[in-house]
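So the structure is just underneath, and the comments pick up after that.
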Amino acid sequence: MSDGATLWNAVHQERHRLVGDLQRISDEQWQVPSLCPGWTVHDVLAHLVDSATTTRLGFVRQMVFSRFDFDRANAVGVARHRRSDAQETLEAFRAAAGRTDSPPASLATRLVEAYVHGEDIRRPLGLTAHYPTEHVVTALSYMARTGAGLGGGKERVEGLRLSPSDFDGPIGQGPEVRGGAISLLMATSGRSVHPSELTGAGASTLAARA
């Protein structure tokens, strides 16, 4: 496979895994607050439907309509795809799971969307997942070199060395932050993780920034 095909394959697999997990949750669990402030589990899934079905041209139109306010654009997308019945939203996500539409950005952002939002949903529900470390590290590397203005986490990890315990090769230089690649990705993305997930001289710095 080409690099692009490999990344899309990983995204599609993760979307289908999330569908499988969400098939088993109760009606009440759809309303559980996710790790995204102000969004429920159902809201995050609606955002994932929006993300999976937004083309490059569609993204430009959304931004113009939202006056180039990313938060407003996201809120409009959630409202557009969130059905009154969560099962209908889930079915829409299942139908979109194999699509290769994307905003005008690096394909690594599709991995970030899949893994970070997957954890935004799973962690509050007490669900666990095993992610392909190689692709999580690709997402982590992208976030570590991309500024906050473009949705990255460069400022959060500046001056730190991220050392995935499940991958050979650190990212960055400075006091070490060691943990699983998915834990490092979540912290770099601005999510709070359990203190036991990160260790090293730089762990408290990253936790404070997240």
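The values are calculated or read from the model by the stated rules, or taken from the named source; none is laboratory data. Just so we're clear, the structure is a prediction, and the values are computed from it rather than from any experiment. Here Cβ is always computed from backbone atoms with ideal geometry, including for glycine, and neighbour counts include all displayed protein chains.
Overview of results
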item	result
Boolean, Arg191 is more than 16 Å from the chain's Cα centre (by Cα) and either of a type in the set (Lys, Arg) or part of a strand (DSSP E or B) (or both)	no
Residues of the range 17-30 that turn out to be surrounded by 14 or more Cβ atoms within 10 Å (Cβ to Cβ) and assigned to a helix (DSSP H, G or I), as a count	7
Condition check for Thr128: of a type in the set (S, T, N, Q) and over 16 Å from Asn9 (Cα atoms)	yes
Lone unmet requirement of (1) under 18 Å from the mean Cα position of the chain (by Cα); (2) more than 14 Å from Val136 (Cβ to Cβ) for Pro175	(1)
Those residues of the range 40-70 which are closer than 14 Å to Glu113 by Cβ and in contact (Cβ under 8 Å) with a residue 60 or more places away in the chain, in sequence order	Val44, Leu45, His47, Leu48, Ser51, Phe70
Matching option when the condition is without any contact (Cβ under 8 Å) to a residue 60 or more places away in the chain and among the aliphatic types (A, V, I, L, M), among Ala97, Ala73	Ala73
Subset of the range 194-210 (residues that are crowded, with 22+ Cβ neighbours inside 10 Å and either part of a helix (DSSP H, G or I) or out of contact with any Leu (no Cβ under 7 Å at 6 or more places or on another chain) (or both))	Leu206
Members of the range 130-168 that are part of a helix (DSSP H, G or I), at pLDDT below 95 and among the small types (Gly, Ala, Ser)	Ala148, Gly149
Neighbours by Cβ (under 7 Å, 6+ apart or cross-chain): first from the range 121-141, under 23 Å from Gly153 (Cα atoms); second of a type outside the set (A, V, I, L, M, F, W, C) and assigned to a loop (DSSP other than H, G, I, E, B)	Ile121/Ser34; Arg122/Thr128; Pro124/Ser34; Thr133/Asp166
Extreme residue, nearest to Arg17 (Cα to Cα), among residues of the range 121-138 that are more than 14 Å from the chain's Cα centre (by Cα) and among the aliphatic types (A, V, I, L, M)	Leu127
Tally of residues being part of a loop (DSSP other than H, G, I, E, B) and touching a residue at least 24 places away in the same chain (Cβ under 8 Å) across the range 169-178	4
Every pair of residues 6+ apart whose Cβ atoms lie under 6 Å, when the first sits in the range 148-162 and is over 15 Å from Ser183 (Cβ atoms) while the second is modelled with pLDDT under 95	Glu155/Ala148
Residue that is nearest to Arg209 (Cα to Cα) [pool: residues in the range 169-189 that are crowded, with 17+ Cβ neighbours inside 10 Å and small (Gly, Ala, Ser)]	Ala187
